[in-house]
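Asker: Just dropping this structure here.
The values are calculated or read from the model by the stated rules, or taken from the named source; none is laboratory data. The model shown is predicted, which means the values in this text are computed figures rather than measured ones. Quick reminder, even Gly has a Cβ in these numbers, built from the backbone with ideal geometry, and neighbours come from all protein chains shown.
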Amino acid sequence: MKNWITAHGAALSSALRRLVRRPFASLFEIFVLGLALALPAGLYVTVESVRGFANQHPSDPEVSVFLSLGVTSQDVAIVRERLEALADVQQAVFIPRQEAAKSLRQSPGLAEVLDALPENPLPDAFVLRLGTQDPSRIDALRGEVGGWPKVALVQADSGWTRKVNAGVRIAQTVALLLGLMFGVAALAITFNTIRLQMLDRRGEIELSRLIGATDGYIRRPYLYLGGLQGLLGGVVAVAIILAGTRALDKALSDFSVAYGTQVKISAVPWEYAAGFLGVSALLGGMAAWLASSRHLWARPLR
Amino acid sequence: MIERSPAIASNETGSRAALEAMIRFENVDKRYPGGITALQNVSLRIDKGELVVIAGPSGAGKSTLLNLMAAIEHPSAGRVCVNGEVLQDLRARSLPYLRRQFGLVFQDHRLLFDRNVFDNVALPLRIALFSRGDIPQRVRAALDKVGLLGRERTMPIALSGGEQQRLCIARAIVHRPAILLADEPTGNLDPDYAVTIADLFKSFNQVGVTVVMATHDRAVIDRLQPRVLRLRDGQILEQSA
């Protein structure tokens with residue numbers, strides 16, 4: 001056991017020496033690897049943030065039913081009863097006109113406008129949460145409710161959140177595909193580095209095999225080298241993502257305020273960052289295993 | 001380390017059957033692609049603790065014979081048996097462990113020129129996972145045997161041809177192998193060095209190591225007084241005791 005640990009320690013220190021022996025080439029390779037890993041991961045973080053924002057706003061179809069001005073509480077009760085009797089309506093929330101005015105006053109600049117008016121211009125309304133997303137049924141419901149007495153206007157306004165969600169789903173798929181592509185690219189970068197290193201040391205490898213080295217012994221330092229490269233590439237990628245999100249967060253925040261909302265790029269949780277580093281190291285190790293196996297299988301000793 | 005018995009030392013033909021065979025070839029052929037036949041119907045037996053020289057002109061098949069013994073090459077026909085193992089039947093993953101029983105001395109030395117003398121000699125010990133505490137002591141003992149003690153930090157490029165050859169020998173003996181296989185170990189050396197190297201091999205044999213050496217150096221053969229297998233055109237012409 002002690003010898004086994006010593007062998008792994010020696011393989012790790014050999015891998016570190018190989019990294020340090022060619023500092024510029026190693027740094028360049030790690031940086032390229034970091035870039036390849038940062039692009040899909042960064043896109044994924046951005047998409048997740050936009051998704052989080054979209055989730056704050058209901059994407060289920062929401063229909064507003066505005067009543068005529070001057071309706072009585074009895075009229076409201078009749079409309080509520082009819083609405084709740086509809087099969088597609090899950091919930092009907094009544095918003096009195098005073099409540100609506102109070103809410104509107106909180107929007108910048110609108111309080112003065114409301115104060116300038118002789119009376120509250122807003123009607124009583126119901127906000128309906130529907131149990132269907134089928135546009136034709138929503139249209140049918142809108143038409144039916146719009147024809148009822150004491151109902152002034154019916155408005156379905158969930159379209160934009162649905163569009164955002166659809167966009168997020170597309171972006172997630174793109175991020176996944178890019179992740180796969182760049183993952184393969186990262187694999188190829190490490191594979192090539194290890195392949196060249198093994199070619200450079202083929203004399204030593206051949207000699208070691210002649211005097212009794214197992215494939216595992218030969219492979220071990222290269223596996224550590226690949227894993228280390230992957231890990232350091234992951235660290236560079238996390239650094240790029242953190243710097244990128246910090247820069248983007250400010251710009252996006254200014255942009256979203258202009259639209260009366262708040263979009264924030266979510267901070268990368270440390271568990272995600274650790275998982276990402278683990279996956280990068282694993283990718284590097286896999287590439288090294290492939291490269292070393294190819295080298296050893298292509299040169300059988302007998 | 002194998003202790004050499006007087007019976008082995010005497011090399012008496014009558015007692016050979018009672019001895020344990022270290023290396024056995026049975027009707028071995030070796031053909032290379034392109035129809036080149038390196039060995040033809042070779043049968044031989046080398047006992048534990050023997051000192052054997054394979055002699056013959058260049059191209060006679062000496063290196064091929066050694067490569068087959070070291071399991072570096074496969075025979076095209078026949079059986080090669082080393083230390084009780086039939087090499088053809090050996091699984092690929094067992095090969096490295098068999099090879100650790102050999103000490104290989106190459107004609108071209110195969111030294112690692114980016115490592116110092118110590119690291120070159122320590123390589124077989126590290127491969128065989130010897131403990132870190134054991135390695136310096138064994139390396140120094142091997143270097144002492146070949147007269148390179150005190151040169152541990154020297155890079156191989158700074159050594160003369162003879163010293164490089166002795167370094168190669170130190171690497172071959174450091175893990176105390178059961179069999180020492182040497183391919184033209186004196187090939188590039190001047191006669192004085194050649195005799196020194198021959199004496200080294202004799203000393204290893206005297207402590208029980210089976211030594212098989214390929215050479216066409218007459219002076220070395222005269223010095224060692226070994227059993228000689230004479231090869232020509234891939235066939236054993238004669239075996240002398």
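Asker: Does A:T245 fit the bill of being hydroxyl-bearing (S, T, Y), modelled with pLDDT under 90 and surrounded by 19 or more Cβ atoms within 10 Å (Cβ to Cβ)?
Answerer: It is true that A:T245 is hydroxyl-bearing (S, T, Y), modelled with pLDDT under 90 and surrounded by 19 or more Cβ atoms within 10 Å (Cβ to Cβ).
Asker: Okay, next question. If you scan region B:65-102, which residues turn out to be at the interface with chain A (Cβ under 9 Å from one of its Cβ atoms) and charged (D, E, K, R)?
Answerer: Passing the criteria: B:E73, B:R93, B:R99, B:R100.
Asker: Would you pick out the residues in region B:21-37 that are touching a residue at least 60 places away in the same chain (Cβ under 8 Å) and away from chain A (no Cβ under 14 Å)?
Answerer: Across region B:21-37, the qualifying residues are B:A21, B:M22, B:I23, B:T37.
Asker: Across region B:75-113, what is the number of residues that are assigned to a loop (DSSP other than H, G, I, E, B), in contact (Cβ under 8 Å) with a residue 40 or more places away in the chain and not small (G, A, S)?
Answerer: So the count comes out to 11.
Asker: Whether any residue in region A:116-137 is aromatic (F, W, Y) and modelled with pLDDT under 90 is what I want to check.
Answerer: So far as region A:116-137 goes, no, none of its residues is aromatic (F, W, Y) and modelled with pLDDT under 90.
Asker: What residue, of B:D114, B:D134, is within 14 Å of another protein chain (Cβ to nearest Cβ), surrounded by fewer than 16 Cβ atoms within 10 Å (Cβ to Cβ) and out of contact with any helix residue (DSSP H, G or I) (no Cβ under 8 Å at 6 or more places or on another chain)?
Answerer: Answer to the selection: B:D114.
Asker: Out of B:V139, B:V105, which single residue is crowded, with 19+ Cβ neighbours inside 10 Å, touching a strand residue (DSSP E or B) at 6+ places or on another chain (Cβ under 6 Å) and more than 8 Å from chain A (Cβ to nearest Cβ)?
Answerer: Going through B:V139, B:V105 in turn, the sole match is B:V105.
Asker: Regarding B:L148, is this residue in a helix (DSSP H, G or I) and surrounded by 14 or more Cβ atoms within 10 Å (Cβ to Cβ)?
Answerer: no
Asker: Can I ask one more? Taking the criterion of being touching a residue at least 24 places away in the same chain (Cβ under 8 Å) and outside any helix (DSSP H, G or I), would at least one residue in region B:117-125 satisfy it? Let's see the steps before the verdict.
Answerer: From region B:117-125, those touching a residue at least 24 places away in the same chain (Cβ under 8 Å) are B:117-118, B:120-125; that's our starting set.
Next, from what is left, pick out any that are outside any helix (DSSP H, G or I): none.
No, that holds for no residue.
Asker: For region B:68-80, enumerate the residues that are at pLDDT 90 or above and surrounded by fewer than 19 Cβ atoms within 10 Å (Cβ to Cβ).
Answerer: B:S76, B:A77, B:G78, B:R79
Asker: Does any residue of region A:207-217 turn out to be more than 14 Å from every other protein chain (Cβ to nearest Cβ), within 20 Å of A:G9 (Cβ to Cβ) and in a helix (DSSP H, G or I)?
Answerer: There is no residue in region A:207-217 that is more than 14 Å from every other protein chain (Cβ to nearest Cβ), within 20 Å of A:G9 (Cβ to Cβ) and in a helix (DSSP H, G or I).
Asker: Can you name every residue in region B:81-96 that is under 16 Å from B:I46 (Cβ atoms) and either hydrophobic (A, V, I, L, M, F, W, C) or surrounded by 13 or more Cβ atoms within 10 Å (Cβ to Cβ) (or both)? Steps first, answer last, please.
Answerer: If we filter region B:81-96 for residues that are under 16 Å from B:I46 (Cβ atoms), which is where we start, we get B:81-87.
Of everything in region B:81-96, those that are under 16 Å from B:I46 (Cβ atoms) and either hydrophobic (A, V, I, L, M, F, W, C) or surrounded by 13 or more Cβ atoms within 10 Å (Cβ to Cβ) (or both) turn out to be B:C81, B:V82, B:N83, B:E85, B:V86, B:L87.
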